[in-house]
Amino acid sequence: MTTGFFPTEKIAFEGEDSNNPLAFRHYNAEEVIDGKRMEDHLRFACAYWHSFAWQGEDPFGGQTFDRPWFPDRMSDEMAAARLKADVAFEMFTALGVPYFCFHDADVRPEGTDFRESSRNLEEMVEVLEQKMSETGVKLLWGTANLFSHRRFMAGASTNPDPDVFAYSAATIKSCMDATFKLGGENYVLWGGREGYETLLNTDLAREDQQMGRMLNLVVDYKHKIGFKGTILVEPKPQEPTKHQYDFDVSTVYGFLKRHGLENEVKVNIEQGHAILAGHTFEHEIATATALGIFGSIDMNRNDYQSGWDTDQFPNNTPEVGLAYYHILKAGGFTTGGTNFDAKLRRQSLDPQDLLAGHAGAMDVCARGLKAAFRMLEDGGLQKALDDRYGGWQDSEAQNMLNGKMDLDAISDKVLSRDLNPQPRSGQQELLENYVNRFM
Ligand code: XLS
Ligand code: NI
Ligand code: NI
């Protein structure tokens, strides 16, 4: 028996000519690309928080959505949490996504103290476990919400109060236990309040030490319990804090190196966060693959004018195509996947809007993936790179890199050969036109 919340039980692949608003035109889970089903390439997940916990509020106004499990409709909080889970799994099933992701605070009511919150979480983990086994939907990652409650307003691991550090550590432990129990394939840490509002009250060196210690505690605990998933840090430069320490992929890499964790932790990259950091999505993905720390993606998009993390559903195929190009080029996802960290606009009130947002986004990703694969198969971008860097094949060129030549020797070579390098075109427009042929 279903709750009857959604207008349909299943969205089907109907092909490009379909004009059914709730059908897939491009996403066909079973279609094989390069020996792998599309579902296994993309590894879609839905985010519990945006679709089922967020009530439609923005900085200027409150709740817009009317959902039967919201506090104004239901006072028994545990019953509401169970109804929310029923509806959530109906959506995962209707969309045919293989995975979901959640924070503790999305699935369980906040208790009056730590003990009660943990008990609520444990109870809801049983419910989720049951739903997962009924539907076959799996957990891509779990995470702790260490940013909404006022106790975290000055940070979680970076809080000036050691009791908040302890409370955060205990909360992370409970969420890692839940993730482990549910067979999660990754565990995510997004440091929403790990940053500062003003340097006037902030000791940067101390907070870096605290944050490094917390991540080491997480990695130690992962090994202690035998969790085989990947620990992922999600970079974001600001919002809610003025400055967040996990600013972007490069900054996170420096942090991991500083704390001896570069072989233990990878990154979960979000499109909107890349834009906030002044980068593109593919810049962040390419940087992570170059540094060997690429893990997973939070797929969404920002409004380019607003300057906020608007978390909209992706709808720009070329952007998504270039993102998947870099992912495929690096070998594709291992434990990671494509999590829709995306929410409706606050005027999109209907249950069908939730389905349409996700289904359209899945289609955009499918188109992007197909375009990325065709580009990879054609090899044009790789050939352009090989040509551009071809000079480095030369053994003398290599000697400058491998230590066989020092600065003196290199200088002698320039003088003795009378080197006078001539610039070559970077061919940007040709390459942009090339990419457009595939999109
Ligand atoms: C917020 C983040 C958050 C993380 C999980 O901006 O994207 O949703 O993905 O805590
Ligand atoms: Ni995210
Ligand atoms: Ni975000």
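Residues of the range 270-326 that are open to solvent by 50 Å² or more (accessible area, probe 1.4 Å) and in contact with a Pro (Cβ under 6 Å, 6 or more places away or on another chain): Arg301 alone. The residue pairs whose first member lies in the range 185-203 and is part of a strand (DSSP E or B), whose second member is open to solvent by 30 Å² or more (accessible area, probe 1.4 Å), and whose beta carbons are closer than 6 Å, counting only pairs six or more residues apart or on different chains, are Asn186/Thr335; Gly195/His243; Gly195/Tyr245; Tyr196/His243. For Asp113, the conditions (1) touching a residue at least 24 places away in the same chain (Cβ under 8 Å); (2) closer than 16 Å to Glu77 by Cα are fulfilled apart from (1). Met74 fulfils the conditions (1) in contact with a helix residue (DSSP H, G or I) (Cβ under 8 Å, 6 or more places away or on another chain); (2) touching a residue at least 24 places away in the same chain (Cβ under 8 Å); (3) open to solvent by 10 Å² or more (accessible area, probe 1.4 Å) except for a single criterion, (2). What's the number of the condition Gly226 fails, among (1) out of contact with any Phe, Trp or Tyr (no Cβ under 7 Å at 6 or more places or on another chain); (2) open to solvent by 60 Å² or more (accessible area, probe 1.4 Å)? Single failed check for Gly226: (2).
Among the candidates Asp363, Asp350, Asp303, Asp311, which residue alone is at pLDDT 95 or above and within 16 Å of ligand 1 (Cβ to nearest atom)? Answer to the check: Asp311.
Which one is least open to solvent (accessible area, probe 1.4 Å) among residues in the range 97-113 that are out of contact with any strand residue (DSSP E or B) (no Cβ under 9 Å at 6 or more places or on another chain) and outside any loop (DSSP other than H, G, I, E, B)? Across the range 97-113, the extreme among qualifying residues is Val107. Screening Gly61 against (1) within 16 Å of ligand 1 (Cβ to nearest atom); (2) open to solvent by 10 Å² or more (accessible area, probe 1.4 Å); (3) at pLDDT 95 or above leaves a single unmet condition, (1).
Residues that are under 28 Å from Asp309 (Cα atoms), in contact with a strand residue (DSSP E or B) (Cβ under 7 Å, 6 or more places away or on another chain) and open to solvent by 10 Å² or more (accessible area, probe 1.4 Å) do not occur anywhere in the range 157-175. Filtering the range 141-166 to residues that are of a type in the set (Ser, Thr, Tyr) and under 13 Å from Glu110 (Cβ atoms) leaves only Ser148.
When the range 278-300 is filtered for residues that are farther than 23 Å from Val97 by Cβ and either under 11 Å from the mean Cα position of the chain (by Cα) or hydroxyl-bearing (Ser, Thr, Tyr) (or both), the ones remaining, listed by number, are Thr280, Thr287, Thr289.
Rundown of residues vs (1) surrounded by 17 or more Cβ atoms within 10 Å (Cβ to Cβ); (2) not small (Gly, Ala, Ser), yes/no style:
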site: Thr8; (1), (2): no, yes
site: Lys36; (1), (2): no, yes
site: His41; (1), (2): yes, yes
site: Tyr48; (1), (2): yes, yes
site: Ala85; (1), (2): yes, no
site: Phe92; (1), (2): yes, yes
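The values are calculated or read from the model by the stated rules, or taken from the named source; none is laboratory data. Note that the coordinates shown come from a computational prediction; the quantities given were computed from them, not determined experimentally. Every residue, glycine among them, receives a Cβ derived from its backbone with ideal geometry; neighbour counts consider all protein chains shown. To get the accessible areas, we keep the full protein, side chains included, count just its heavy atoms, and leave off ligands, DNA and RNA. Shrake-Rupley method; radii C 1.70, N 1.55, O 1.52, S 1.80 Å.
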